[in-house]
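Take a look at the structure set out below.
The values are calculated or read from the model by the stated rules, or taken from the named source; none is laboratory data. Computed from a predicted structure; not experimentally measured. Here the Cβ positions follow ideal geometry from the backbone for every residue, glycine too, while neighbour counts run over all protein chains shown.
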Amino acid sequence: MSNDNDKELNDYLQGNSELSQRYQPDKGSGPPAHLDKLILDAAKNEIKPPHMPRWTVPLSIAAVMVIGVGIVFNIYREQGQPLMTAPESTVATKARDVLKEQGEMENRQQIARPSAPAEPGRGTSAINRALPSLNMELADQAAPGRKRMIWEKQEKKTQTDDSQDKQDTDVAMLGATDTYNYDEKTVRSEKQPAMSADLALDPALAPVSVAEADQVTADIELPFKAMGNEPGWSLTISEDQIELVTSYGQEKLVTSTPEVITTEAGSRYLLSAEGQALEITIRDSRCRDSMSGMPYPRTVKVIMSDKTLSGCGGQSVSLLLGDEWIVEDIGNKGIIDFSRVTINFSEDGRIHGLAGCNQYSGSYQISGELLSVGLLISTRRACPEALMNQEAFFLELLQLATGFDFDEHGALIIKTKEGKTILIRR
Amino acid sequence: MLSSVSTLPFMKAEASDEELMLSYREGDAKAFEALYSRHKGALYRFILRRCGQPAVAEELYQEVWMKLIRAREGYTVKARFTTWMYQVARNHCIDYYRRQSVAVINDQQGSLGIEAFEDQQSKQPDQQLELQQQTTQLMQLVEALPVEQREAFLLREEAGLGLNEIAEITGVNPETAKSRLRYAINKLRAGLNQS
């Protein structure tokens, strides 16, 4: 039968079929004349603007190159910087010691980029974000520098003869193109033994080291809000002022925002207001509001002369954003083996994922103590019945979400109206 | 090499679609006219019968040509012009229905959802009536085909494309394209024999 079919199909494809002949008379109709005119006119108009002279092409390429190289150069220089601001950086530490001796200790960041031009700040980091692949490349390039610095540290420990009298920094090893000059005493990598070459070839360390450096210098996002209970208090840190409201809103303290002290444990603000000293510590560790049960990304402590306030801070939603969550349990019923159910929360308030069979999407909102999910829509593919049932159950529960929490193992629990839960994990 | 096409007018009559498009890129409006008149009927009918009622078809038809016109400057010969043109047409058609539909989102495994929706659309009663009055029996049978089969048939009949090109345009493998076309012609034959 399939042979017959193939023969018929082949005849048809060769144009020997009655079907094609009968279709012919139907070919008469075409587009209306006004469309013909409209399209042909548009085609003519498109070529009306005179062609750019040929010489403008190389010129524009050259212009792009100049700008592009400039950006790359800046990113490159920027990228070298976290490596240097990392606390373990031998050079930076060394340089600080030197400056301390000279009695002109300044903040570490300035030392770390002595020849960097005007404050690079946010603008450059935006470019960094926009060019992730380039950053990876740069991180790779920067990696050997870091490795070598680590090696140098070891070397220095073993080398008791302190021979660095007047040496220059090996600039290239820092992955930066500027000439760093730390006056008197600096580290020099002279001839590297085989060991450093080995280390330099290991590609695994590069992104890690950059990420580490970023973490240490990670700022808290302003305005930063925190609050606690019993007695209720709230704290708002903005660019220029800190406002602390205590005793259920009866006492209010406003002061200008001092320099933040960033340590590995977190961020700290030391301030004095109305004659009393205050210390605010913000730790990067998950926190649950003792009244609402809502989780927050930061744990906050305010130490005052007569009391200590504990509470939570940051944006709850930041706990949900980021990588995809994999659903591990739906309403305590487990999940069908090998079925894939996922949830993604995005910054623009959208939720989407795979429901096991179909894809779904919708919106979500966090307000006060509540997580709510708007109407979910999904594709309409059919799957085995059990999977379809699980999917329907999952979507129904997700639609009824009221809040979320973390269990002791770090899994996220989405709570729903009827006390049912969805357990998800990254 | 490319400009030689436009400097040799006698070649116009036999110039390939790709050569015409290249000439148009170089600023030859006549080349575009030739290209347009070569394809206008088939493309219009493909859109009309693939995508629905005349008002929609006209809008889409215009959009497709505008897209081709705007692509002029960056045009290079990567594939057959017809393959590209019908691909653009098909995508516009699918996008159109995607814009119309609220409850169905695209499904990565293919656009089954969209196509099902389009089929629902094309079965609206007043449209059916219109089609009955305007088209022949064969056209009614064509209209009644599922969209994938109808598409394959139209690409064959209107655009004169082969299985590989149909497969490429519709984003399936040639075997699938073949079986769709086979189903289409079998159904059409059966329908014609019945009456």
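Quick one: B:Asp95 ticks every box in (1) more than 9 Å from chain A (Cβ to nearest Cβ); (2) surrounded by 21 or more Cβ atoms within 10 Å (Cβ to Cβ) except a single one, so which number is it?
The one condition B:Asp95 does not meet is (2).
Search the range B:135-149 for residues being in a helix (DSSP H, G or I) and either touching a residue at least 40 places away in the same chain (Cβ under 8 Å) or at the interface with chain A (Cβ under 9 Å from one of its Cβ atoms) (or both), and hand back the single one that is farthest from B:Val88 (Cα to Cα). I'd like the intermediate steps shown before the answer.
Of the residues in the range B:135-149, the ones in a helix (DSSP H, G or I) are B:137-144, B:147-149.
Restricting the remaining residues to those that are either touching a residue at least 40 places away in the same chain (Cβ under 8 Å) or at the interface with chain A (Cβ under 9 Å from one of its Cβ atoms) (or both) gives B:137-139, B:141-144, B:147.
On the way: B:Gln137: 29, B:Leu138: 27, B:Met139: 24, B:Leu141: 26, B:Val142: 22, B:Glu143: 21, B:Ala144: 24, B:Val147: 17 Å.
Only one residue tops the list, namely B:Gln137.
Checking A:Ile220 against (1) touching a Gly at 6+ places or on another chain (Cβ under 9 Å); (2) modelled with pLDDT of 85 or more, which single condition isn't satisfied?
(2)
Of the residues in the range B:19-62, how many are under 20 Å from B:Thr170 (Cα atoms) and either outside any helix (DSSP H, G or I) or more than 14 Å from the chain's Cα centre (by Cα) (or both)?
Going through the range B:19-62 one residue at a time, the tally reaches 1.
Considering only residues that are of a type outside the set (Gly, Ala, Ser) and touching a Cys at 6+ places or on another chain (Cβ under 8 Å), look in the range A:295-340 and name the one that is nearest to A:Leu412 (Cα to Cα).
Our first condition is that a residue be of a type outside the set (Gly, Ala, Ser); within the range A:295-340, this holds for A:295-304, A:306-309, A:312, A:315, A:317, A:319-321, A:323-330, A:332-333, A:335-338, A:340.
Right, trim to touching a Cys at 6+ places or on another chain (Cβ under 8 Å) and you get A:295-300, A:312.
Working: A:Pro295: 10, A:Tyr296: 12, A:Pro297: 13, A:Arg298: 16, A:Thr299: 18, A:Val300: 21, A:Cys312: 18 Å.
Ranking the qualifying residues of the range A:295-340, first place goes to A:Pro295.
So which residues in the range B:61-77 are farther than 17 Å from A:Ile47 by Cβ and either crowded, with 20+ Cβ neighbours inside 10 Å or within 9 Å of chain A (Cβ to nearest Cβ) (or both), if there are any at all?
Scanning the range B:61-77 gives B:Tyr61, B:Gln62, B:Val64.
For the range A:254-295, how many residues meet the condition of being touching a residue at least 40 places away in the same chain (Cβ under 8 Å) and not in a loop (DSSP other than H, G, I, E, B)?
6
Is at least one residue of the range A:392-402 among the small types (Gly, Ala, Ser), within 19 Å of A:Glu418 (Cβ to Cβ), touching a residue at least 40 places away in the same chain (Cβ under 8 Å) and out of contact with any Pro (no Cβ under 9 Å at 6 or more places or on another chain)?
No, the range A:392-402 contains no residue that is among the small types (Gly, Ala, Ser), within 19 Å of A:Glu418 (Cβ to Cβ), touching a residue at least 40 places away in the same chain (Cβ under 8 Å) and out of contact with any Pro (no Cβ under 9 Å at 6 or more places or on another chain).
Of the residues B:Tyr36, B:Tyr44, only one is free of Cβ contacts under 8 Å to residues at least 24 places away in the same chain, at the interface with chain A (Cβ under 9 Å from one of its Cβ atoms) and not aliphatic (A, V, I, L, M); which?
After applying the criteria, what remains is B:Tyr44.
Only one residue in B:Ala13, B:Ala34 is among the small types (Gly, Ala, Ser) and either touching a Leu at 6+ places or on another chain (Cβ under 7 Å) or at pLDDT 90 or above (or both), so which one is that?
Result of the check over B:Ala13, B:Ala34: B:Ala34.
If you take the residues of the range B:63-93 that are assigned to a helix (DSSP H, G or I) and aliphatic (A, V, I, L, M), which of them is farthest from the chain's Cα centre (by Cα)?
Across the range B:63-93, the extreme among qualifying residues is B:Ile69.
Got a number for residues in the range A:232-265 being at pLDDT below 80 and surrounded by 13 or more Cβ atoms within 10 Å (Cβ to Cβ)?
Adding up the residues that qualify gives 0.
Which of the residues that make up the range B:47-60 are facing chain A (nearest Cβ under 8 Å) and either surrounded by fewer than 17 Cβ atoms within 10 Å (Cβ to Cβ) or not hydrophobic (A, V, I, L, M, F, W, C) (or both)?
Scanning the range B:47-60 gives a single hit, B:Glu58.
If only one of B:Leu8, B:Leu2, B:Leu68, B:Leu60 is at pLDDT 90 or above and aliphatic (A, V, I, L, M), which one is it?
B:Leu68
Take the residues in the range A:296-311 that are in a strand (DSSP E or B) and closer than 16 Å to A:Tyr248 by Cα, then tell me which one is farthest from the chain's Cα centre (by Cα). Lay out the reasoning, then the answer.
Quick first cut of the range A:296-311, residues in a strand (DSSP E or B) only: A:296, A:298-303, A:308-311.
Pick out the ones that are also closer than 16 Å to A:Tyr248 by Cα and you get A:302, A:308-311.
On the way: A:Val302: 29, A:Thr308: 33, A:Leu309: 31, A:Ser310: 28, A:Gly311: 26 Å.
Only one residue fits best here, namely A:Thr308.
If you take the residues of the range B:168-195 that are crowded, with 21+ Cβ neighbours inside 10 Å and of a type in the set (Gly, Ala, Ser), which of them is nearest to B:Ile94 (Cα to Cα)?
Across the range B:168-195, the extreme among qualifying residues is B:Ala177.
Just checking, which of A:Gly349, A:Gly322, A:Gly356 is within 17 Å of A:Leu400 (Cα to Cα) and not aliphatic (A, V, I, L, M)?
A:Gly349
Before we move on, is A:Ile282 among the hydrophobic types (A, V, I, L, M, F, W, C) and closer than 30 Å to A:Tyr364 by Cα?
Values: among the hydrophobic types (A, V, I, L, M, F, W, C): yes; closer than 30 Å to A:Tyr364 by Cα: yes.
Considered against the rule, which asks whether it is among the hydrophobic types (A, V, I, L, M, F, W, C) and closer than 30 Å to A:Tyr364 by Cα, A:Ile282 comes out as yes.
Filtering the range A:365-379 down to residues that are assigned to a strand (DSSP E or B), of a type in the set (A, V, I, L, M) and modelled with pLDDT under 85, which residue is farthest from the chain's Cα centre (by Cα)?
Out of the qualifying residues, it is A:Ile377.
Restricting attention to the range B:150-185, which residues are among the β-branched types (Val, Ile, Thr) and within 12 Å of chain A (Cβ to nearest Cβ)? Full working, then the answer.
Of all residues in the range B:150-185, those among the β-branched types (Val, Ile, Thr) come to B:166, B:169-170, B:172, B:176, B:185.
The answer is B:Ile166, B:Ile185.
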